[in-house]
Structures are given as C-alpha cells and as structure tokens.
Amino acid sequence: MSSTKTTIGNYEFENCLMNAAGVYCYDRNELEQIINSDAGTFVTKSATLNPREGNPLPRYYDTKLGCINSMGLPNLGIDYYLDYLLELQKTHPDRTFFLSLTGLSSEEIHTLLNKVYESDFNGLTELNLSCPNVPGKPQMAYDLEATEKLLNKVFEYFKKPLGVKLPPYFDIVHFDEAAKVFNKFPLTFVNCINSIGNGLVINDEHVVIKPKQGFGGIGGEYIKPTALANVHAFYQRLNPSIQIIGTGGILTGRDVFEHILCGAGIVQIGTTLQKEGPEVFSRITRELEEIMDEKGYKTLDDFKGKLKYL
Ligand code: SIN
C-alpha cells in the first residue's frame, strides 16, 4: 500500500495535498472544512496587519482552463488567523498548519513577523512576496535586491520556520539569480508559484473582472508547465535544506505526481479546490495512490525530484 505522507522542515503531514492560500482559507468556517477533508494541512489567507476588504467585485472569474482573479488581499487581519491557529494548537496538538502573511511595506512585514515570532504559534509561516493584485504595489520577489535586503533583516530576529511564496520566474538567468539570493538564508521552504500575474481574460468585448481594468492573476490548467518549471528549477538550485512547495495547475493525481517528480515536497491546490470544493482532496489523493501503485512506488521519496531527462 502506497503512502502519501510527507515532511516539511521538522513537521510531518499525513497527506501531501493542501489548499493554496486564497482558497477555502478566509475564515474559520472555510479552514475547518479543510481540516475535516483529506488534506494534510492548510494555509490561511495571506494576512495583513489590519483586516482588508480587498478589491471591488467582480474580482474572480472561472474559465474553461482555470481562472483569473484580482482579489486584492481580502483578509480578516493577522490577529484573527493567529488566534485561530493558537486555538488549533490546543485542539489538534498533533497537527501542523501554515500561516500566510504579507505586508504592503517592509515595515508592515516586520511588524507582522515580529508578532508571529513573539506569539506561541509553533507552525510554519509563509511570507507572501508575490501578490500581483494590489494596485500600485509590485510583486516584491521580482525585485531581488529588495528581497535580499528584506530577508537579511527578517532573519536577524525571526527564528521560527519560515518560507516564501514566489511568483513565477520565466528566464534561466532569473532562476539562477533568485536561487542565489534564497540560498543565503535559512528558509524552510519556497512555494512555487503564485498565479501568473496580470493576465487578461475577455468575454465578448469586455474584461471579466473589475479591478485594474481586468488585469489579474491567472491560475489553473494554463499555468502547470510554468509551475513545474519553477518547482524543478529551484529543486535543482536550492540547498537541500530548503524544500519546495508545488502550486499551480493541479487538476488530477497525475498533476501532483508531476510536481513531486519535479521536486515538490507538498502540493497545493487552488483553482480546482475553488471549483470542486474540499472533496477534491479525496479524489486527487486516490488518483495519486493509483499511479504510485501502478509504478510500484511506496513513498513519495521513491520518485521525488527524480525527473528523467532525454
Ligand atoms: C489576492 O488576494 O489578490 C491574491 C493573493 C495572491 O495572489 O498572493
């Protein structure tokens, strides 16, 4: 019988599937549905210091091959998510969860991380450096100098397990340069990838979402090749102590298998979870197990990172 158990940092997870930040993670009600599903863990919506309403509606639109969104970081504020996670540490002491956070300035990021560091939170923290949807705010991880400066300061005081959520990179030189920066820090993981930023979907003669004149992050089937390339490029370049979370284009167990083959240690589902609901974790786990059984793989380590070249 195959096992889909995995580890990130020093934490073990019963299953290698979870939600992607932004989907089924806005409040307790949504997060509880993930806890009660076959997902191995959850990540919260990226929290800012204060609650945010986000961008005007409509700001999410499903397409045949995925979705476009420009949510603009609607969230209930860091205290809401931290309080909930601290409660879960008491009610589910055997499970580990991810807290996602992001700030609209370096100062806000430091304030958030200080708060997390000083709290009793003992899970994994994900710093989102890649939201494409806040008007006037670029995706920080495209500015590697600013990213390095930020992380230098963060690791002066933040001693809990920390990872970063990255945007897709599209050039081999950029993979090299980004990996060189991330290898300087004791990161527990990098998460590849956030949505492909600033796409445009048109229906008849109109854009389909209101914010930013229709520009928004693209997710779903469209983005799997880019996600796989980013997962594998970082798997090839990062210190083995930095694990990769694979996100992007997961519709089936086969997609999860490919992410793990490229080097992912855990895989996040966004668009398909949004479209199908939390039962998706049972279906996709079953499909992954069937592939592993057919190939005689008992654990994820039997094929993780073992992509074959021609
Ligand atoms: C959003 O809230 O706009 C999406 C967050 C993200 O893509 O990081």
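Rule-based calculations on the coordinates, nothing more; no lab input. These numbers come from a predicted model, not from an experiment. Because the Cβ atoms are built from the backbone with ideal geometry, glycine has one as well, and the counts that use them run over all protein chains shown.
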Exercise. Can you give the extra length, in nm with one decimal, that the chain gains between LYS308 and THR91 once fully stretched, where that is 0.36 nm per residue apart less the Cα-Cα distance?
Worked result: 73.8 nm
Problem set entry | Extension gain from LYS64 to ARG254, taking 0.36 nm per residue of separation minus the Cα-Cα distance | 66.5 nm
Exercise. Say each of ASN152 and THR111 gets a label point 7 Å from the Cα, pointing the same way as Cα to Cβ; how far apart are those two points in nm?
Worked result: 2.4
Exercise. Calculated FRET efficiency, GLU118 and ASN36, Cβ-Cβ r, R0 35 Å, to nearest 0.05?
Worked result: 0.70
Exercise. What spacing in nm lies between the two simple spin-label points modelled at LYS159 and ASN29, each 7 Å away from Cα in the Cβ direction?
Worked result: 4.1
Exercise. Where a ≥ b ≥ c are the square roots of the eigenvalues of the C-alpha gyration tensor, would you call the chain rounded, which needs a/c under 1.5, or, failing that, prolate if a/b is larger than b/c, or oblate?
Worked result: rounded
Problem set entry | Residues in the range 51-75 that a label on ASP83 would reach, taking backbone N under 16 Å of a point 7 Å out along Cα→Cβ | 51-52, 75
Problem set entry | Model label zone, ASN10; criterion: amide N under 12 Å from point 7 Å along Cα-to-beta-carbon; scope the range 146-167 | 160-161
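How much mean residue ellipticity at 222 nm does the chain get from its helices, if each DSSP H run of length 4 or more adds -39500 (n - 2.57) and you divide by all residues, to the nearest 500 deg cm²/dmol? Please report the intermediate quantities before stating the final value.
Numbers: 9 runs with 105 residues, N = 310.
Per the formula, -10500 deg cm²/dmol.
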For this session: Calculate the dipole size of the chain relative to its Cα centre from +1 charges on Lys and Arg beta carbons and -1 charges on Asp and Glu beta carbons; express the result in debye to the nearest 20.
Result: 460
Seminar exercise, completed: Given backbone amide H placed at 1.01 Å from N, residues whose amide H is under 5 Å from that of ILE269, ignoring those fewer than 5 places away on the same chain, are MET18, ASN19, ALA20
Problem set entry | Positive-pole candidate from ILE260, LEU300, PHE185, dipole of the range 177-302, charges at beta carbon | PHE185
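What is the extension gain from ARG237 to LYS137, computed as 0.36 nm multiplied by their sequence separation minus the C-alpha to C-alpha distance, in nm to one decimal?
33.2 nm
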Exercise. Tell me, what ³J(HN,Hα) does each residue in the range 82-95 have, in order and in whole Hz, if you take phi through Karplus 6.51 cos²θ - 1.76 cosθ + 1.60 with θ = phi - 60° and put x for Gly and Pro?
Worked result: 4, 4, 5, 5, 5, 5, 5, 4, 7, 7, 10, x, 8, 10
Exercise. Computed FRET efficiency, Cβ-Cβ of ILE202 and GLU53, R0 30 Å: what is it to the nearest 0.05?
Worked result: 0.70
Seminar exercise, completed: Karplus-derived 3J(HN,Hα) from phi for the range 11-17 (6.51 cos²θ - 1.76 cosθ + 1.60, θ = phi - 60°), whole Hz, x at Gly and Pro, runs 9, 9, 10, 5, 9, 8, 10
Exercise. So who's got an amide H within less than 5 Å of the one on LYS165, skipping anything under 5 residues away but keeping other chains? H placed 1.01 Å off N, in plane.
Worked result: LEU127, ASN128, LEU129, ASN191
Seminar exercise, completed: Residue by residue through the range 42-49, the couplings from Karplus 6.51 cos²θ - 1.76 cosθ + 1.60 with θ = phi - 60°, in Hz, x for Gly and Pro, are 9, 10, 6, 4, 4, 8, 9, 4
Problem set entry | Stretch in the chain that is longest and holds no GluC sites (Glu not before Pro) that DSSP places in a loop and that have at most 13 other beta carbons within 10 Å | 54-204
